[in-house]
1. Mind listing whichever residues of region 13-55 are among the hydroxyl-bearing types (Ser, Thr, Tyr) and either touching a Leu at 6+ places or on another chain (Cβ under 7 Å) or closer than 12 Å to Met1 by Cα (or both)?
2. In region 18-57, which residues are under 12 Å from Leu8 (Cα atoms) and not hydrophobic (A, V, I, L, M, F, W, C)?
3. Give the residues of region 31-61 that are in contact (Cβ under 8 Å) with a residue 24 or more places away in the chain, touching a Lys or Arg at 6+ places or on another chain (Cβ under 9 Å) and of a type in the set (A, V, I, L, M, F, W, C), sorted by residue number.
4. Could you grab me the full set of residues in region 15-50 that are polar (S, T, N, Q) and at pLDDT 95 or above?
5. Could you tell me whether Glu68 is closer than 19 Å to Ala4 by Cβ and free of Cβ contacts under 8 Å to residues at least 12 places away in the same chain?
Amino acid sequence: MQLAILKLSDGNRDKLRTLLAAAKSDYRDVIGPAEYPGQSREGFVRLVKLSEAEKERISDEDYQQYLEWLEQ
């Protein structure tokens, strides 16, 4: 949870406070966008309608960006 909040806040203290409050309300609102930004942007309803190839592409991009962030 801490990594997700730090990642999404991107050094902005106001955003960090907002994310802390969101995490206290529903942690999924922080974890999802941090770990799966592409999938979160699409939303569940639209995501299920995509082709398997498109879902895989989005998933691969999400995974790659997360690994790159962790290496920073």
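1. We begin by selecting, within region 13-55, every residue among the hydroxyl-bearing types (Ser, Thr, Tyr); these are 18, 25, 27, 36, 40, 51.
Matches in region 13-55: Tyr27 only.
2. Hits for region 18-57 are Thr18, Asp29, Gly32, Pro33, Glu35, Tyr36, Pro37.
3. Ala34
4. Our first condition is that a residue be polar (S, T, N, Q); within region 15-50, this holds for 18, 25, 39-40.
Matches in region 15-50: Thr18, Ser25.
5. Working: closer than 19 Å to Ala4 by Cβ: yes; free of Cβ contacts under 8 Å to residues at least 12 places away in the same chain: yes.
Yes: the conditions hold for Glu68.
The values are calculated or read from the model by the stated rules, or taken from the named source; none is laboratory data. Not measured: the values here are computed from a predicted model. All Cβ positions, glycine included, derive from the backbone under ideal geometry; neighbour counts span all protein chains shown.
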